[in-house]
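K.L.:
If you scroll down you'll find the structure; I have some questions about it.
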Amino acid sequence: MPNQATTRESGPPLRPTWIEVDLGAVVHNFRVAQTGVGTGVGVWPVVKANSYGLGAIPVAKALRQAGATGFCVALLEEGVALREAGIEEPVAIFSGLSGACVEQAAAMQLEPFLFEPATDLQILAAATPERPLRVHVKVDTGMGRLGVPPADVEAFLLALDRLGEQVRVVGLVSHLACADEKKRPETARQAAVLRDLLAQPEVARRKLRVSLANSAGLLGHPMTRHDWVRPGIMLYGASPFYPEEGWRETGLRPVVTWRSRIIQLHAVPAGISVSYGHSFTTSRPSRLAQIPVGYGDGYNRRLGNRGEVLIAGRRFPVVGRVCMDLITVDVTDLPAVTVGTSVTLLGADGAGMIDIEEMATWLGTIPYEVICALGTRLPRRYLRATADELAGVSSNG
Ligand SMILES: *Cc1c(COP(=O)(O)O)cnc(C)c1O
């Protein structure tokens, strides 16, 4: 598992580049979700793709200490990894059944979303799980991606009934297409399609647990909350509303800090060209710092001559190309730096801050991709949640 291979909780420091994951901030952000939806609505953290790159196991362990009653992943194997790490809460599997794994899913109490009736019914009919398999029917209320059309739900439920006791439909779920843009009309339309579906007698009589909201839904659209919600990105400290106006006003705490240290400093005259392709040439006598991080760690190559880093709380430009293992930073304006000086690539340093959203802007992408791209080569250090943070009395930092 990538999270196992890349987690170094002890041992001597190797090259001085690492990311810090503040589990107290993850817990705080989970509380923001819980407070947002109110009591009676379940909050199942989404820890797919190794918790968006930050480490599914440590994140899930912290959130279960904080009282999470279920989790969500994309893949069956991600669910298996949670079980192997001792996570005992129910785990929803977004991408459904994968062939021969029904027995394993049932044995491990993993709960797939079903969206492809013909295939799903065939796989389930051939399976002989010892324990009942709990499933959620996923309906496409307007996302235009995975899901059963609303008109086919009733027939699917009846067909699932005919499989007998070993398959239990416990939930009905759907996913929002445009909730991150608060004024788009599609969210209310999707909510209405779901409401109509829930009013159909064959659906209503089953008392299914209903889930529609992701982070943007639960924070921005109260009518999407239903019985349980599936927050992902907000737990990891990024606003689901970026770059909409007001995207910062979510009360979330940043989770990720990415740091390194200067490993070489050069004083050079004007007219010196830097690194592969000589894409940057000094225009004045300069001091150039080499930082041991590169696109091999997920520091995107497009940040060459575009990105900035923080040193002593101030911003300095990345000059020349981003290499696989190195970047060059122009530190001419800060005489105090030496080899070993700390460099922050993402997160806070003193009064300075490079947030995930800013890096996303530099790259023309979304915060999700910025953190999912953090390389498996980077050691991840976990700052544990304090007792106060776990108890929900953390200050808003
Ligand atoms: C990834 C995902 C989520 C979480 O979305 P965020 O925007 O990160 O909160 C919820 N539901 C489904 C089906 C997903 O694929």
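The values are calculated or read from the model by the stated rules, or taken from the named source; none is laboratory data. All of these numbers come straight from a predicted model, not from anything done at the bench. We place every Cβ from the backbone using ideal geometry, glycine too, and count neighbours over all the protein chains shown. Accessible surface is based on the protein model in full, side chains and every heavy atom, while ligands, DNA and RNA are left aside. Shrake-Rupley method; radii C 1.70, N 1.55, O 1.52, S 1.80 Å.
K.L.:
Determine if the stretch 299-318 includes at least one residue that is closer than 22 Å to Met353 by Cβ, out of contact with any strand residue (DSSP E or B) (no Cβ under 7 Å at 6 or more places or on another chain) and open to solvent by less than 30 Å² (accessible area, probe 1.4 Å).
P.N.:
Taking every residue of the stretch 299-318 in turn, none turns out to be closer than 22 Å to Met353 by Cβ, out of contact with any strand residue (DSSP E or B) (no Cβ under 7 Å at 6 or more places or on another chain) and open to solvent by less than 30 Å² (accessible area, probe 1.4 Å).
K.L.:
For the stretch 156-185, how many residues meet the condition of being within 16 Å of the ligand (Cβ to nearest atom), farther than 18 Å from Ala204 by Cβ and of a type outside the set (Asp, Glu)?
P.N.:
Total meeting the criteria: 7.
K.L.:
Between Val339, Val293, Val322, which is modelled with pLDDT of 95 or more, in a loop (DSSP other than H, G, I, E, B), more than 16 Å from the ligand (Cβ to nearest atom) and open to solvent by 30 Å² or more (accessible area, probe 1.4 Å)?
P.N.:
The unique qualifying residue is Val339.
K.L.:
If Arg134 satisfies every condition in (1) surrounded by fewer than 22 Cβ atoms within 10 Å (Cβ to Cβ); (2) in contact with a Leu (Cβ under 8 Å, 6 or more places away or on another chain); (3) in a strand (DSSP E or B) but one, which is the exception?
P.N.:
The failed condition is (2).
K.L.:
Between a residue in the stretch 1-30 that is under 13 Å from Gly237 (Cα atoms) and any residue that is modelled with pLDDT under 60 and open to solvent by 20 Å² or more (accessible area, probe 1.4 Å), which pairs come within a Cβ distance under 7 Å, given they are 6 or more apart or on different chains?
P.N.:
That search, which allows pairs on different chains as well, returns Gly24/Ser394; His28/Ser394.
K.L.:
For residues that are under 8 Å from the mean Cα position of the chain (by Cα) and assigned to a loop (DSSP other than H, G, I, E, B), scanning just the stretch 42-57, find the one that is nearest to the ligand (Cβ to nearest atom).
P.N.:
This residue is Val47.
K.L.:
Out of all the residues in the stretch 142-155, which are open to solvent by 10 Å² or more (accessible area, probe 1.4 Å) and either part of a helix (DSSP H, G or I) or within 19 Å of Ala204 (Cβ to Cβ) (or both)?
P.N.:
Residues satisfying the conditions are Pro149, Pro150, Ala151, Asp152, Glu154, Ala155.
K.L.:
From (1) within 14 Å of the ligand (Cβ to nearest atom); (2) on the phi > 0 side of the Ramachandran plot, pick out the condition that doesn't hold for Gly246.
P.N.:
Here Gly246 clears every test but (1).
K.L.:
Report the residue count in the stretch 69-93 for those that are surrounded by fewer than 22 Cβ atoms within 10 Å (Cβ to Cβ), within 16 Å of the ligand (Cβ to nearest atom) and within 18 Å of Ser211 (Cα to Cα).
P.N.:
3
K.L.:
Looking at the stretch 219-232, which of its residues are within 8 Å of the ligand (Cβ to nearest atom) and either buried (at least 24 other Cβ atoms within 10 Å of the Cβ) or of a type in the set (Lys, Arg) (or both)?
P.N.:
Across the stretch 219-232, the qualifying residues are Arg230, Pro231.
K.L.:
OK, next. Count, please, the residues in the stretch 249-274 that happen to be modelled with pLDDT of 95 or more, open to solvent by 10 Å² or more (accessible area, probe 1.4 Å) and within 14 Å of the ligand (Cβ to nearest atom).
P.N.:
The qualifying residues number 1.
K.L.:
Since Thr282 meets every condition but one in (1) in contact (Cβ under 8 Å) with a residue 12 or more places away in the chain; (2) away from the ligand (no atom under 16 Å from the Cβ); (3) within 22 Å of the chain's Cα centre (by Cα), which condition does it not meet?
P.N.:
Here Thr282 meets the rest and fails (3).
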